[in-house]
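Here the structure comes first, spelled out in C-alpha cells, and everything after it is commentary.
Just so it is clear, none of the values below were taken in a lab; they were calculated from the coordinates. Keep in mind the model is a prediction, meaning the values are calculated, not measured. Cβ atoms come from the backbone with ideal geometry, glycine included; neighbour counts cover every protein chain shown.
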Amino acid sequence: MKQFLKLIKASRNELRKNRNKFWGKNKRDFSKNILRIINSQKLPKKFKIYVVASNFINKKNIMPYDWDSWSSTALIGATKKQEFELMMFFNRARSEFLSLPALIPLVAHELYHVKQASRSPKKFLMSVINDKFSKEIEKEADSKIKNIEEFRKEKILEMILYCYDIKGWSSAKKMADYLYKHHKKMYGGGYSSEMTIKEYKLFLKSMKTGNINLFINSF
C-alpha cells in the first residue's frame with residue numbers, strides 16, 4: 001500500500017480545484033484503478049478470480065449511501081469438478097467516482113473476503129444465509145484494514161464531496177450519516193463506523209456555516 005500513499009496528496013489538491021474534472025477522470029479510470037490495486041496484492045493460487053465493475057441495469061440514480069449500492073465477493077465454485085472460482089463485484093454507484101487511493105479501503109475489504117472464501121469455502125458460503133457467520137466474516141475483514149487510515153480519510157472525504165457536488169448539502173448529510181451512523185448496522189453487521197465522531201462534527205460545522213471548504217481543509 002505504501003506505493004499508493006503519495007497519490008493522496010495529488011488527490012487532495014484536485015479536490016480544491018475543478019472537482020467535476022476529478023470525478024470524470026476517476027470514472028474513466030475506475031476499472032483500471034481497481035485492477036491496479038488487486039494486482040499489487042498476493043491472491044490465492046488455488047482460485048480463479050473474476051472481477052466485475054458494473055451498475056444494476058434495472059436501477060437508476062443510485063447514490064453511494066443507498067442500500068442497493070453494495071459491492072460483494074461471491075463464491076462461484078469450490079470443488080474439483082466445478083473448479084475453484086470467485087467473483088469480486090464492484091458497484092459503480094458507490095465507488096466509480098473515487099480516486100485510486102480512496103478505492104483502497106473498499107478493494108482491500110473485498111480482497112480479504114477472497115482470502116476468507118479460499119480459506120473456508122463452506123463457512124463463507126453459509127454466511128449468506130447465517131447472520132452469525134456473516135457478522136463474523138465482516139468483523140474480521142473490517143479489522144484487517146485498520147492499518148490504511150490515510151486511505152480511509154481520503155475515501156470519506158471524496159464520498160461526501162461527490163454527494164455535495166451532485167445534490168448539495170442534504171445529499172452530503174445523508175452520506176455523512178451513512179458513514180458515521182448507518183454503515184455499521186447495515187447488511188450482516190460486523191462493521192465499525194467509517195467516519196470518526198470528530199470528522200462527523202467537523203462536517204456538521206461545515207454544513208452549518210455553509211462552507212464546504214472548512215470540511216476539506218480539516219483533512
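Quick one: what are the phi-derived ³J(HN,Hα) couplings along segment 49-58, Karplus 6.51/-1.76/1.60 with θ = phi - 60°, whole Hz, x for glycine and proline?
10, 9, 10, 10, 10, 7, 9, 7, 6, 9
Estimate the FRET efficiency between D165 and Y50 by the formula 1/(1 + (r/R0)^6), using the beta-carbon distance for r and 25 Å for R0, to the nearest 0.05.
0.15
Given R₀ = 45 Å, FRET efficiency for N211-W67 by Cβ-Cβ distance, to 0.05?
0.90
Once mean projected area of the Cα convex hull in nm² is worked out from the coordinates, which option in [x] 16.5; [y] 12.1; [z] 18.0 does it equal?
It is the one labelled [y].
Give, in nm to one decimal, the length gained when the segment between E83 and Q3 is fully stretched (0.36 nm per residue of separation minus the Cα-Cα distance).
25.4 nm
Mind listing the long-range amide H neighbours of N55? Cut-off is under 5 Å, sequence gap 5 or more, other chains count too, H placed in the peptide plane at 1.01 Å from N.
The list, which skips near neighbours in sequence, is R92.
Would you kindly derive the ³J(HN,Hα) couplings of segment 209-219 from the backbone phi angles with the Karplus curve 6.51 cos²θ - 1.76 cosθ + 1.60 (θ = phi - 60°), listing them in order in whole Hz, with x for Gly and Pro?
Per residue, the Karplus-derived 3J(HN,Hα) values read 8, x, 10, 5, 5, 4, 6, 4, 6, 7, 9 Hz.
Pull up the DSSP beta bridges for the chain and report the antiparallel fraction as a percent, rounded to 5.
Close to 50 percent.
With θ taken as phi - 60° and the coefficients 6.51, -1.76 and 1.60, list the Karplus ³J(HN,Hα) couplings across segment 67-79 in order, rounded to whole Hz; mark glycine and proline as x.
Going residue by residue, I get 3, 8, 10, 5, 10, 7, 10, 10, 8, 8, x, 8, 9 Hz, with x marking Gly and Pro.
For segment 30-81, rounded, prolate or oblate, judged on the Cα gyration tensor with a ≥ b ≥ c (square roots of eigenvalues), a/c < 1.5 rounded, else prolate if a/b > b/c?
oblate
Of the candidates P64, P44, P121, which one comes out as most mobile in a Gaussian network treatment of the chain with C-alpha springs shorter than 10 Å?
Checking each option, the largest mean-square fluctuation is seen for P44.
Give me the extension gain from K21 to N58: residue separation times 0.36 nm, minus the current Cα-Cα distance, reported in nm with one decimal.
Residue separation times 0.36 nm, minus the Cα-Cα distance, leaves 10.6 nm.
With the cut-off at 26 Å, tell me which of the pairs K2/K205; K27/K139; K123/K155; K25/K60; K132/K155 have Cα atoms farther apart than that.
K2/K205; K27/K139; K123/K155; K132/K155
Show the residues, 5+ positions off or on another chain, whose built amide H is closer than 5 Å to the amide H of G77.
For G77, whose amide H was placed from the backbone, the distant partners under 5 Å are E85.
Work out how much length A74 to R119 would gain on full extension: take 0.36 nm times their residue separation and subtract the Cα-Cα distance, in nm to one decimal.
Residue separation times 0.36 nm, minus the Cα-Cα distance, leaves 14.8 nm.
Show that you can apply the helix-only estimate: for the chain, add -39,500 (n - 2.57) for every DSSP H stretch of four or more residues, divide by all residues, and state [θ] at 222 nm to the nearest 500.
Computed mean residue ellipticity for the chain: -17500 deg cm²/dmol.
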